[in-house]
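Please treat every number below as a calculation from the coordinates, not as lab data. Bear in mind that the values here come from a model prediction, so they are computed numbers and not experimental data. Quick reminder, even Gly has a Cβ in these numbers, built from the backbone with ideal geometry, and neighbours come from all protein chains shown.
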Amino acid sequence: MKISTSRFGKIEIIKDEIITFEEGLLGFGEYHQYVILNADDGSPFRWLQCVDDGNLAFVIIEPLSFMFEYDIEISDSDAAFISLERAEDAVLYVIVSIPANPSDMTANLQGPLVINAANRKGRQIISSNSRHSVKVRILDEMEKRAAKLKEVQESLDSKPEGDES
Amino acid sequence: MLVLTRKINEKIIIGDDVEIVLVDIGKDQVKIGINAPRSVKVHRWEVYEEIQKENREAAKTTSLDPLKSLPQDILNKFGKKDSKAKKL
């Protein structure tokens, strides 16, 4: 089917790829159907394009493409809401805000999107982790991740040779 | 709006299974205990409001073009797409 969007003009979407957010996103409760559009090749950013209203779209990203770790507890009620039965079916995205200066772009870690890949039902959940705020600078997290990765690499490198344990 | 007056340790019941107890009263704040089934979402109202506000803010992003002005070495540091998302 074809939809008209403000950002991408007329686009063709596949019905089976529609993701249903039964209660909508917070503040956008009246919109339920979305599709995920890939950005440029290799870019970790994607668009969550609303099908019900072509003017509405969000930039989304998988948290692990800029963070070292992102621990989130999916509550029983959240899992039940999207009929999530297996943890491996859960696909996690966070919503990104890109201001005029892109270095200041932030991700909303407190209100991530959980999508059940098995049935394409999604919900914006609320993280109970107090370190997850709604505005976390993505570039800061990337720096932290780079430092962590370096640490891990160095600890691997410092192991004596031939030690298989 | 229903307004009830309660003393410390007195309770309110909402529906059949949500119990609210007034735990403590301070000078300008009260401590409230909530007993509810796991299926009932309980959050501070501000959290809801903050996420709503952030969603509205994020919806104003109309293009990824500003990202092109970021130095290439930063862009290279983004991780590869998680294979999980390919399921969608």
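Filtering the range A:53-75 to residues that are touching a Pro at 6+ places or on another chain (Cβ under 6 Å) and facing another protein chain (nearest Cβ under 7 Å) leaves only A:SER65. Per this entry, B:PRO66 is not counted among residues that are within 12 Å of chain A (Cβ to nearest Cβ), touching an Asp or Glu at 6+ places or on another chain (Cβ under 9 Å), not aliphatic (A, V, I, L, M) and not in a strand (DSSP E or B). Among the residues of the range A:2-38, write down those that are on the phi < 0 side of the Ramachandran plot and in contact with a helix residue (DSSP H, G or I) (Cβ under 9 Å, 6 or more places away or on another chain). If the condition is that a residue be on the phi < 0 side of the Ramachandran plot and in contact with a helix residue (DSSP H, G or I) (Cβ under 9 Å, 6 or more places away or on another chain), then A:GLU22, A:GLU23, A:LEU25, A:LEU26, A:PHE28, A:VAL35, A:ILE36 are the ones that fit.
Please indicate, with yes or no, whether at least one residue in the range B:34-52 is assigned to a loop (DSSP other than H, G, I, E, B), of a type outside the set (Ser, Thr, Tyr), farther than 19 Å from A:SER75 by Cβ and free of Cβ contacts under 8 Å to residues at least 24 places away in the same chain. No: the range B:34-52 contains no residue that is assigned to a loop (DSSP other than H, G, I, E, B), of a type outside the set (Ser, Thr, Tyr), farther than 19 Å from A:SER75 by Cβ and free of Cβ contacts under 8 Å to residues at least 24 places away in the same chain.
Selection within the range A:8-41: residues that are in a loop (DSSP other than H, G, I, E, B) and touching a Leu at 6+ places or on another chain (Cβ under 9 Å). The member of this set that is farthest from the other protein chains (Cβ to nearest Cβ) is A:ILE13. Looking only at residues that are in a loop (DSSP other than H, G, I, E, B) and more than 10 Å from every other protein chain (Cβ to nearest Cβ) in the range A:42-52, which one is farthest from A:GLY9 (Cα to Cα)? This residue is A:ASP52.
Restricting attention to the range A:76-102 and to residues that are within 7 Å of chain B (Cβ to nearest Cβ) and in contact (Cβ under 8 Å) with a residue 24 or more places away in the chain, the residue that is farthest from the chain's Cα centre (by Cα) turns out to be A:ILE98.
Each row is one residue, and each column tells you yes or no for (1) surrounded by 14 or more Cβ atoms within 10 Å (Cβ to Cβ); (2) within 14 Å of another protein chain (Cβ to nearest Cβ).
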residue	(1), (2)
B:GLU10	no, no
B:ILE13	no, no
B:VAL30	no, no
B:GLU46	no, yes
B:GLU50	yes, yes
B:ASN55	yes, yes
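Put simply, of B:ILE13, B:ILE51 the only residue that is farther than 30 Å from A:VAL35 by Cβ and hydrophobic (A, V, I, L, M, F, W, C) is B:ILE13. For the range B:47-68, the set of residues classified as within 19 Å of the chain's Cα centre (by Cα) and over 18 Å from A:THR106 (Cβ atoms) consists of B:TYR48 only. Filtering A:SER4, A:SER83 for residues that are touching a Gly at 6+ places or on another chain (Cβ under 8 Å), hydroxyl-bearing (Ser, Thr, Tyr) and exposed (fewer than 15 other Cβ atoms within 10 Å of the Cβ) leaves a single hit, A:SER4. Over 24 Å from A:GLY122 (Cβ atoms) and exposed (fewer than 14 other Cβ atoms within 10 Å of the Cβ): does that describe B:LYS60? No; evaluated as a whole, the condition is false for this residue.
Counting just the residues of the range A:7-30 that are in contact with a strand residue (DSSP E or B) (Cβ under 9 Å, 6 or more places away or on another chain) and among the charged types (D, E, K, R), which one comes out surrounded by the fewest Cβ atoms within 10 Å (Cβ to Cβ)? So the residue we want is A:GLU12.
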